[in-house]
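Undergrad: There's a structure below that I have some questions on.
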RNA sequence: GCCUCGAUAGCUCAGUUGGUAGAGCAAGGGACUGAAAAUCCCUGUGUCAGUGGUUCGAUUCCACUUCAAGCCA
């Protein structure tokens with residue numbers, strides 16, 4: 001059986017994914033599935049650089065702007081939702097285009113990582129937090145080491161989230177993280193994912209990031225955040241978004257407006273660097289230069305897509 | 001113009017009782033399976049402002065030059 005083609009366009013923030021993907025979708029009768037852990041949230045438009053209706057040019061976008069910022073969401077939810085979206089697009093006879101910068105989410109699709117149908121046990125997580133506060137993180141590290149020493153080889157003794165996760169998995173499933181990950185990789189992907197990574201000269205990318213942050217402030221990012229914190233009592237994940245937590249600190253008087261803007265720029269540059277580390281790891285990806293004219297990049301994608309080019 | 005102080009990593013500075021130097025921040029690289037825009041790990045060669053002098057040896061001491069800051073006029 002021939003697997004359907006699915007195009008994946010990843011790359012660091014501000015590399016030009018949005019406009020390239022929309023041009024591509026118009027060209028090949030495609031629809032876009034976003035792969036972005038922050039654009040999923042409603043009421044967070046400016047800071048996440050969500051495409052506007054005008055920018056979308058009538059191209060349907062999935063997994064954007066559909067979740068309340070007070071809700072939790074995870075890679076497991078994403079995997080399920082994204083595959084459902086892909087199916088819907090294929091049913092229409094259109095081409096699915098996955099677009100975004102969240103490396104973890106991209107991998108869940110292209111390596112077909114299968115997640116069990118479990119919810120996060122917040123009570124247990126709080127219990128672990130308590131142990132950290134009373135006995136220290138070392139205590140949890142030791143326990144985790146006993147449960148799954150193999151997984152702990154890659155986890156620093158300071159990496160609170162990952163140490164907790166090892167314990168959470170064991171508590172919930174009775175299996176180790178290592179065992180579960182082997183099971184999660186059993187099945188081949190259902191689609192032929194063709195992965196493109198959009199990048200450009202680092203200096204140029206940073207210039208674009210800086211400019212984009214200034215533009216966000218101009219467009220009213222501060223107002224957006226004010227409204228957000230007044231509307232939602234708690235935002236466990238959404239408030240972690242770049243730009244959002246910094247504006248909250250600014251509103252609390254932690255630093256001046258200028259300092260806030262510089263901080264957002266710096267954190268965004270660092271984020272872009274981390275994204276690139278993630279994408280470089282995928283040796284099958286085909287790299288595109290965001291400084292090239294859009295038409296050139298589209299032609300490259302089309303050549304690979306239609307099988308005229310393999311690398 | 002006088003006096004004082006300074007010039008060391010991209011930035012802010014420490015230091016070498018003379019044997020070519022190190023912190024913080026920035027930056028770069030990396031890890032990543034249910035919070036991922038999160039979380040975490042690793043990485044410090046730079047004409048020690050320039051030119052001369054003393055010395056086996058000067059970034060360190062001395063002289064001059066340039067630049068910057070403060071004070072007195």
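Just so it is clear, none of the values below were taken in a lab; they were calculated from the coordinates. Quantities reported herein were computed from a predicted structural model and do not represent experimental measurements. Cβ placement follows ideal geometry from the backbone for every residue including glycine, while neighbour counts extend to all protein chains displayed.
Undergrad: Work out the FRET efficiency for residue A:122 and residue A:204 from their Cβ-Cβ distance, taking R0 = 41 Å, and round it to the nearest 0.05.
TA: On the way: r = 43 Å, r/R0 = 1.05.
E between residue A:122 and residue A:204, to the nearest 0.05, is 0.45.
Undergrad: At what distance in angstrom do the alpha carbon centres of the stretch A:159-186 and the stretch A:1-68 lie from each other?
TA: About 31 Å separates the Cα centre of the stretch A:159-186 from the one of the stretch A:1-68.
Undergrad: Starting from the alpha-carbon convex hull of the stretch A:149-206, give the projected area averaged over all orientations, in nm². Kindly include the intermediate steps, with their values, before the conclusion.
TA: Details: hull surface 29.0 nm².
The number I arrive at for the stretch A:149-206 is 7.3 nm².
Undergrad: Counting helices only, and only those DSSP H runs with n ≥ 4, report the 222 nm mean residue ellipticity of chain A as the sum of -39,500 (n - 2.57) divided by its residues, in deg cm²/dmol to the nearest 500.
TA: It lands at -16500 deg cm²/dmol.
Undergrad: Give me the extension gain from residue A:175 to residue A:295: residue separation times 0.36 nm, minus the current Cα-Cα distance, reported in nm with one decimal. Walk me through the intermediate numbers first.
TA: Values: separation 120, 0.36 × 120 = 43.20 nm, distance 4.97 nm.
Working it through step by step, the gained length comes to 38.2 nm.
Undergrad: Let me ask something else. Could you calculate the contour length gain from residue A:273 to residue A:88, that is, 0.36 nm times the residue separation minus the distance between their Cα atoms, to one decimal place in nm?
TA: Details: separation 185, 0.36 × 185 = 66.60 nm, distance 3.35 nm.
Answer, rounded to one decimal: 63.2 nm.
Undergrad: Residue A:183 to residue A:130: FRET efficiency via 1/(1 + (r/R0)^6), r the Cβ-Cβ distance, R0 22 Å, to the nearest 0.05?
TA: Details: r = 30 Å, r/R0 = 1.38.
Using R0 = 22 Å, I get an efficiency of 0.10.
Undergrad: Taking only C-alpha pairs under 8 Å that are 6+ residues apart, what is the relative contact order of chain A in percent? Kindly include the intermediate steps, with their values, before the conclusion.
TA: On the way: 387 pairs, mean separation 89.0, N = 311.
Answer for chain A is 29 percent.
Undergrad: Roughly speaking, what is the stretch gain from residue A:190 to residue A:3, that is 0.36 nm per residue apart minus the C-alpha to C-alpha distance, in nm to one decimal? Walk me through the numbers before you get to the answer.
TA: Working: separation 187, 0.36 × 187 = 67.32 nm, distance 0.64 nm.
Going from the current span to full extension adds 66.7 nm.
Undergrad: Under 8 Å for C-alpha pairs, at least 6 residues apart: give me the relative contact order for the stretch A:82-191, rounded to a whole percent. Please report the intermediate quantities before stating the final value.
TA: On the way: 72 pairs, mean separation 30.6, N = 110.
It comes to 28 percent, rounded to a whole number.
Undergrad: Could you give the spread of the C-alpha atoms of chain A along their three principal axes, from largest to smallest, in whole angstroms?
TA: 59, 55, 34
Undergrad: Hey, with R₀ at 22 Å, roughly what FRET efficiency would residue A:54 and residue A:212 work out to, going by the Cβ-Cβ distance, to 0.05? The partial results should precede the final answer.
TA: Numbers: r = 17 Å, r/R0 = 0.79.
It comes to 0.80.
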